[in-house]
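Chemist: Quick one: this structure, given as structure tokens, is what I'll be asking you about.
The values are calculated or read from the model by the stated rules, or taken from the named source; none is laboratory data. Values in this document were obtained by computation on a predicted structure and should not be read as measured data. Here the Cβ is made from the backbone with ideal geometry for all residues, glycine too, and neighbour counts use every protein chain on show.
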Amino acid sequence: MIDSKIILIILIISIVITLTSYFIIVYNRLIALKNEVHKNWSNIEVLLKQRNSELTKLLDSCKEYMKYEQETFEKIIKARNSLTLASDNKDLSALGKAEIELRMGFSKLLALAENYPDLKTNTVFINLQHRISELEESISDRREFYNESVNLNNITIEQFPSNIIAHNFGFKDFELLKFNDEETKDIRINFDKK
């Protein structure tokens, strides 16, 4: 017959192993979720930088034709710089405001381009419009991935009993990247060659 002390020791060891295993699984899941959020944010940053680069090229191609539209150029450059700063600082509310300014400036630039027939038929200008449009779609897609990973992270941090581990090891919620109606409005790009 097995001694009751041995049964108690086996039971305690089993509980310790079970709790340790659970802790390791939850901790590793929290680490994976946090890294997924960072990865998805990095993907958005890459696309924002690519779009900024393409915008610079587009502005340069427009400047040759649109010599009297300096105010529009300056607004776009200011918005682009604000967007870069907000992205670097991971300030999502400032990022949203900068997106609005950038979209408004870009829309105005494209509207003004209608007054310059030579610009509208310039292949560099047309190709850059297409490229920026593609990047806008990619940013939108990546924003969905980012928000999904943030949502999974935040739910896991709030759920019991993983919230105990998350709180004790400093895991934090992440902010969703939300844009209001003005920010999500499509930039109207006219690809018609006239």
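Chemist: On the given criteria, is F73 part of a helix (DSSP H, G or I), under 26 Å from E137 (Cβ atoms), of a type in the set (F, W, Y) and free of Cβ contacts under 8 Å to residues at least 40 places away in the same chain?
Modeler: When the stated conditions are applied, F73 passes them.
Listed here are the residues, each with its yes/no results for (1) more than 25 Å from G170 (Cβ to Cβ); (2) of a type in the set (V, I, T); (3) touching a Ser or Thr at 6+ places or on another chain (Cβ under 8 Å).
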{"residue": "S21", "(1), (2), (3)": "no, no, no"}
{"residue": "Y27", "(1), (2), (3)": "no, no, no"}
{"residue": "N40", "(1), (2), (3)": "no, no, yes"}
{"residue": "K49", "(1), (2), (3)": "yes, no, yes"}
{"residue": "I77", "(1), (2), (3)": "yes, yes, no"}
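Chemist: Restricting attention to segment 142-164, report how many residues are within 18 Å of the chain's Cα centre (by Cα) and surrounded by fewer than 13 Cβ atoms within 10 Å (Cβ to Cβ).
Modeler: Going through segment 142-164 one residue at a time, the tally reaches 1.
Chemist: If you don't mind, there's one more thing I want to ask. Tell me which of these F171 doesn't satisfy, since it passes every other one: (1) assigned to a helix (DSSP H, G or I); (2) crowded, with 17+ Cβ neighbours inside 10 Å; (3) modelled with pLDDT of 95 or more.
Modeler: In the conditions (1) assigned to a helix (DSSP H, G or I); (2) crowded, with 17+ Cβ neighbours inside 10 Å; (3) modelled with pLDDT of 95 or more, F171 misses (1) alone.
Chemist: E148: touching a helix residue (DSSP H, G or I) at 6+ places or on another chain (Cβ under 9 Å) and within 17 Å of Y27 (Cβ to Cβ), yes or no?
Modeler: Taking the combined requirement at face value, the residue does not satisfy it.
Chemist: Among the numbered criteria (1) part of a helix (DSSP H, G or I); (2) surrounded by fewer than 18 Cβ atoms within 10 Å (Cβ to Cβ), which one does N115 miss?
Modeler: N115 satisfies every listed condition except (1).
Chemist: Look at S82 and say whether it is closer than 27 Å to V124 by Cβ and either touching a Cys at 6+ places or on another chain (Cβ under 7 Å) or assigned to a helix (DSSP H, G or I) (or both).
Modeler: For S82, the condition - closer than 27 Å to V124 by Cβ and either touching a Cys at 6+ places or on another chain (Cβ under 7 Å) or assigned to a helix (DSSP H, G or I) (or both) - is met.
Chemist: Which condition breaks for R51 when tested against (1) surrounded by fewer than 18 Cβ atoms within 10 Å (Cβ to Cβ); (2) under 28 Å from F125 (Cα atoms)?
Modeler: Exception for R51: condition (1).
Chemist: Applying the selection to segment 76-110, what residues are of a type in the set (G, A, S) and touching a residue at least 12 places away in the same chain (Cβ under 8 Å)?
Modeler: Within segment 76-110, A79, S82, A86, S87, A94, G96, A98, G105, S107 meet the criteria.
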